[in-house]
Structures are given as C-alpha cells and as structure tokens.
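K.L.:
Sharing a structure below in structure tokens format, with a few things to ask.
Bear in mind these aren't lab numbers, they're just calculated from the coordinates by the rules spelled out. No experiment lies behind these values; they were computed from the predicted model shown. FYI the Cβ positions are ideal-geometry reconstructions off the backbone, even for glycines, and counts take in every protein chain you see.
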Amino acid sequence: MKTAPTPGSTPDRIRLTDVQFHGHCGCTEAERELGQRLSLDLELEVSVAQAAATDDLSRTIDYVKLIDAIVDAGRRLKPALLETLAERLAQLVLERFHPNRVTIRLRKVAPPVEAIAGAFEVQITRPE
C-alpha cells in the first residue's frame, strides 16, 4: 500500500475518529484487570488515488478490518502505559496495513484521577 506522494503534493490521509473499546491499560493492577473505556483516533498517510479511480476496496485500506484489528489488540493487551499501547497499535497498523505513516491519539476516557474532568491522552506518529 506504500506509495510515495508526488513531489509538491499533499499526501492523502484516511482518518478514523473516536474508535472506542474496553481496554486493560494502566499502572495499577486494578486498571489492568478491570479495564476501562479507551478511545483512539487514527490518521494514516496513504495514497487513495487508485482506489478513487477504480472504486475498488482492494486498492485501499478496509476501514472495518483496520478497526477490528485495533479493537482486538486493544482489548487483549495489558500494558502499564498508554505510550506502550499506542506504540504496539502503531506497529500493528504499519505491519498489517502498510501506510506510509500512522498517527495514533489514544486516550483514557475517564482516568481514575479525581482532578481530571477530561482524559489522559498520548499521540505518536510512526515512522517519524
């Protein structure tokens, strides 16, 4: 799926936002055992020109297969750090779906910290 963008052009991107699943990521044993709601946004840099020209799903990334792979791994893995989970998910995307680049924003929707009304979030881009 990797293709170099035309010089001077803006690379194509596929974005999937607010993919949610019950994951087991956390520094405490309780977080890893009980789990919690996690959410992620994905941005893949990949040419969509052939798919657009042919209207052929096999020439692009299948969103459903991508989400299924991410959610399956996100539910199964039990790292202590969001950073570790984001890294493993990025590697999965690169290995299975072959974009030029992937950016993942991964967040704990309701972290177990009283002072946080929002979320904990980490963002990584691979390869850099």
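K.L.:
Using a Förster radius of 25 Å, what is the FRET efficiency between residue 54 and residue 17 based on their Cβ-Cβ separation? Nearest 0.05, please.
P.N.:
0.45
K.L.:
At 222 nm, what helix-only mean residue ellipticity would the chain give, in deg cm²/dmol to the nearest 500, using -39500 (n - 2.57) for each DSSP H run of four or more?
P.N.:
It lands at -10000 deg cm²/dmol.
K.L.:
In 5 Å bins starting at zero, report the fraction of Cα pairs in the chain per bin as a rounded %.
P.N.:
2, 11, 20, 22, 16, 12, 8, 5, 3, 1, 0
K.L.:
Please give the net charge around residue 76, taking every other residue with its beta carbon less than 13 angstrom from that of residue 76, where Lys and Arg add +1 and Asp and Glu add -1.
P.N.:
The answer is +2.
K.L.:
Net charge within 13 Å of residue 31 by Cβ-Cβ distance, Lys/Arg positive one each and Asp/Glu negative one each, not counting residue 31 itself?
P.N.:
Taking every Cβ under 13 Å from that of residue 31, the sum is +2.
K.L.:
Taking the dipole about the Cα centre of the chain, with the C-beta of Lys and Arg at +1 and of Asp and Glu at -1, give me whichever of 98, 26, 48 is farthest to the positive side.
P.N.:
So the residue we want is 98.
K.L.:
Calculate the spin-label point distance for residue 68 paired with residue 91, positioning each point 7 Å from the Cα along the beta-carbon direction, and give it in nanometres.
P.N.:
Taking the two extended label points, one gets 2.4 nm.
K.L.:
With axes computed from alpha carbons, what is the tilt in degrees of helix 63-76 against the longest principal axis of the chain, rounded to the nearest 10 within 0 to 90?
P.N.:
30 degrees
K.L.:
Moving on. For the chain, find the longest principal axis of its Cα atoms and tell me its angle to the long axis of helix 82-97, 0 to 90°, nearest 10.
P.N.:
With both axes taken from Cα atoms, the answer is about 30 degrees.
K.L.:
Given a cut-off of under 8 Å on Cα pairs at least six residues apart, what relative contact order in percent is computed for the chain?
P.N.:
With pairs under 8 Å counted, the relative contact order is 28 percent.
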